[in-house]
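Here's the structure we're looking at; comments come further down.
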Amino acid sequence: MTRSTIYRSIAIALAVVLLPVIGFLAWQHTRQLTQTRHQAFTFEQHPRSLGINAKRPIVAATVAGGLYLLSVEDSALTLRMSHDGGEHWMPPTTLSSPGSSVTTSAENAPQLAARGMYAFALWQQRNGDEGTQLLVARSSGMGGQPPVATVITDKPATDKSYAGFATLAVAPNGDVYAAWLDGRDNTSASTGTFNVYLARSTDHGATFHRNVKVATLACPCCRPSVAIAADGKVYVAYRHVYGDNERDIAVSSSTDHGEHFGPPVRVADDHWKLFGCPESGPVAAVQGSKLIVAWYTAAGRRPGIRLTASHDGGQTFSKEISVSDGIEGANHPYLSMADDGTIAVVFSGRQATEHGDWNSITPFAFRIDTRGRISATTRVPTDTSGERHPTASLSADGDLYVVWSGMDGTQASLIRGVTK
C-alpha cells in the first residue's frame with residue numbers, strides 16, 4: 001500500500017467519524033425553542049448586600065472567574081472587580097469625568113460588557129452647559145490610572161441633537177459595537193420617534209468608526225440591542241413605531257460588519273397600540289446560528305415577556321413564546337450569554353398570589369441551553385423589594401450572578417445561582 005493510499009484511507013476514516021459529529025452540532029444550534037419545566041438555577045437563600053449606595057448596578061463575569069461591577073455613586077460612574085465571586089471587591093475606579101453627572105433614568109442607564117479580562121462600559125454623561133455625551137471606556141479593573149473615555153458619536157460640535165438610550169456588545173472577534181437613539185437628521189421628528197445609529201470599534205474601544213444610520217421610527221425611550229454572529233453579521237433589535245402608534249419589536253441586519261443595514265423585519269405581530277413610550281426595549285443574542293430576541297409587550301390578554309428565534313438570519317421569526325405567565329408586571333428583560341452559547345434572561349415582576357395580593361418587586365430568571373430548551377422561570381430570592389431593572393451575568397462554569405438595587409435606587413445586592 002502506497003503512502004498516498006494510506007493518507008487517503010485515514011482522511012476517509014476521519015470524515016466518516018467527524019461529519020456526523022459536525023452535523024449533530026450544527027443541528028443542535030438550529031433547533032427550535034422549546035419550553036420545559038426544568039428549574040435551571042438553585043439560588044443562595046439570601047442575597048449579599050454590597051455595602052454601597054449604588055444606582056443601576058450591572059455585573060459582568062470574566063472567563064477567569066472574576067466579576068466586574070459597574071454602578072453610579074453620587075452621580076459618578078465607578079467600576080469594581082472581585083476575584084472571589086463577589087465576597088470582596090477591589091477599590092473602585094471612576095470612569096466618568098470629574099464634575100459630570102451620569103444618567104441613570106429608566107432605559108438610559110450605563111451598560112457593561114466583558115470580553116477576556118477587559119470590561120467595556122458605555123454611558124451618557126452631562127457636563128454642565130455642554131450638553132450630553134455618549135462615552136465608552138475599557139478597563140482591566142486592576143486600578144492604576146483611570147481609563148481614557150472615548151466619545152462614540154461623530155456629530156459636529158454645533159449639532160446639539162439628542163443621543164442616548166445606548167447599548168453595547170462585544171463581537172466574538174473582539175470588535176466593540178454601540179447602538180443608540182439619535183435625533184440628528186430626523187425626518188420623522190413630528191411622530192415623536194428617533195433614528196437608531198451604530199458605531200463599531202476595531203481597536204478594543206480606543207476609537208470608533210463612522211456612525212451608521214440603522215433605522216428610523218424608533219420608539220424614543222426604548223433602548224435598542226445589538227447581537228453579533230460569529231461570521232460578523234450584525235443585528236440591531238429595537239422598538240419600531242408602525243402606523244397608528246403600534247410599538248412592536250423589529251430587527252435590522254447587516255452583512256458587512258455594520259457598514260450598511262437592510263430594512264427592518266417585524267419580529268412579532270403584537271400590534272401593541274400605545275400613545276406614549278413604554279420605556280422597555282428588547283434584548284437579543286446569537287446562539288449558534290439562531291438569533292434570539294426577548295421583549296416586553298402589553299398586547300393581548302397576557303402582558304409580559306415574550307421570546308422568539310430566527311433561523312434564517314433575521315428574515316423570519318418563530319411564533320412568540322410567553323415566559324412570564326403567572327408573574328404580575330413582568331418587564332425589563334436583561335440578557336447574558338456565556339461563551340458556550342448558554343443564555344440567561346432576568347427581568348423584574350411580582351409573584352402572583354391566589355387572593356390577588358401585591359407581592360414585592362423581585363427579579364426572575366430563566367435559561368436557554370444550547371439546544372434551545374427554555375427552563376422554567378425561577379424567582380430570585382430577595383430580602384426587600386427591588387427596583388425595576390435587575391442585571392445578570394453567566395460565568396464560565398454556568399453560575400448566574402444577579403445584581404439589583406433597592407426601590408430608592410441604592411443599597412445594591414448580589415446573589416449567585418448555581419446551575420442544576
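The values are calculated or read from the model by the stated rules, or taken from the named source; none is laboratory data. Please read these numbers as outputs of a predicted model, since none were measured by experiment. Glycine gets a Cβ as well: all are built from the backbone with ideal geometry, and neighbour counts include every protein chain shown.
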TODO: Of the numbered conditions (1) closer than 15 Å to residue 284 by Cβ; (2) in contact with an Asp or Glu (Cβ under 7 Å, 6 or more places away or on another chain); (3) without any contact (Cβ under 8 Å) to a residue 40 or more places away in the chain, residue 222 fails exactly one; give the number of that condition.
DONE: (3)
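Looking for whichever is part of a strand (DSSP E or B), modelled with pLDDT of 95 or more and not aliphatic (A, V, I, L, M) here; the options are 207, 216. Which one fits?
Details: 207 fails: part of a strand (DSSP E or B).
Residue meeting the stated conditions: 216.
If we scan region 171-180, do we find a residue that is surrounded by 21 or more Cβ atoms within 10 Å (Cβ to Cβ), among the aliphatic types (A, V, I, L, M) and part of a loop (DSSP other than H, G, I, E, B)?
yes
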Open item on the list: Looking at (1) out of contact with any Phe, Trp or Tyr (no Cβ under 6 Å at 6 or more places or on another chain); (2) buried (at least 24 other Cβ atoms within 10 Å of the Cβ); (3) not acidic (Asp, Glu), which one does residue 230 not meet, given that it meets all the others?
Closed with: (2)
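Got a sec? Which of 362, 316, 308 is over 19 Å from residue 389 (Cα atoms) and in contact with a Lys or Arg (Cβ under 9 Å, 6 or more places away or on another chain)?
Details: 362 fails: over 19 Å from residue 389 (Cα atoms); 316 fails: in contact with a Lys or Arg (Cβ under 9 Å, 6 or more places away or on another chain).
308 is the lone residue from the list that is over 19 Å from residue 389 (Cα atoms) and in contact with a Lys or Arg (Cβ under 9 Å, 6 or more places away or on another chain).
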Task: Matching residues, region 285-338, being within 15 Å of the chain's Cα centre (by Cα) and either hydrophobic (A, V, I, L, M, F, W, C) or at pLDDT below 95 (or both) - done: 285, 286, 291, 292, 293, 294, 295, 305, 307, 335, 337, 338
Task: Lone qualifier among 82, 75 - being in contact with a Phe, Trp or Tyr (Cβ under 6 Å, 6 or more places away or on another chain), over 18 Å from residue 170 (Cβ atoms) and among the small types (Gly, Ala, Ser) - done: 82
TODO: Of the conditions (1) part of a loop (DSSP other than H, G, I, E, B); (2) modelled with pLDDT of 95 or more, residue 145 clears all except one; give me its number.
DONE: (2)
- [ ] With the condition kept exactly as written, say whether any residue in region 137-145 is out of contact with any Leu (no Cβ under 6 Å at 6 or more places or on another chain), over 25 Å from residue 346 (Cβ atoms), surrounded by fewer than 23 Cβ atoms within 10 Å (Cβ to Cβ) and hydrophobic (A, V, I, L, M, F, W, C).
- [x] yes
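Check region 83-97 and report whether any residue there is in a strand (DSSP E or B) and modelled with pLDDT of 95 or more. Steps first, answer last, please.
Taking region 83-97 first, the residues in a strand (DSSP E or B) are 93-94.
Keeping just the survivors that are modelled with pLDDT of 95 or more gives none.
Among the residues of region 83-97, not one is in a strand (DSSP E or B) and modelled with pLDDT of 95 or more, which makes the answer no.
Hey, among the residues in region 185-204 that are assigned to a loop (DSSP other than H, G, I, E, B) and over 19 Å from residue 136 (Cβ atoms), which one's modelled with the highest pLDDT? I'd like the intermediate steps shown before the answer.
Start the filter on region 185-204 by keeping residues that are assigned to a loop (DSSP other than H, G, I, E, B), which leaves 185-188, 192-193, 202-204.
Filter again for over 19 Å from residue 136 (Cβ atoms), leaving 185-188, 192-193.
Working: 185: 88, 186: 81, 187: 74, 188: 69, 192: 88, 193: 95.
Of everything passing the filter in region 185-204, 193 is modelled with the highest pLDDT.
Can you tell me how many residues in region 225-261 are of a type in the set (Gly, Ala, Ser), more than 21 Å from residue 111 (Cβ to Cβ) and not in a strand (DSSP E or B)? I'd like the intermediate steps shown before the answer.
Kept after step one, since they are of a type in the set (Gly, Ala, Ser), are these residues of region 225-261: 225, 227, 229-230, 232, 237, 243, 250, 252-254, 258.
Still in the running and more than 21 Å from residue 111 (Cβ to Cβ): 230, 232, 243, 253.
Next cut, not in a strand (DSSP E or B) only: 230, 232, 243.
Going through region 225-261 one residue at a time, the tally reaches 3.
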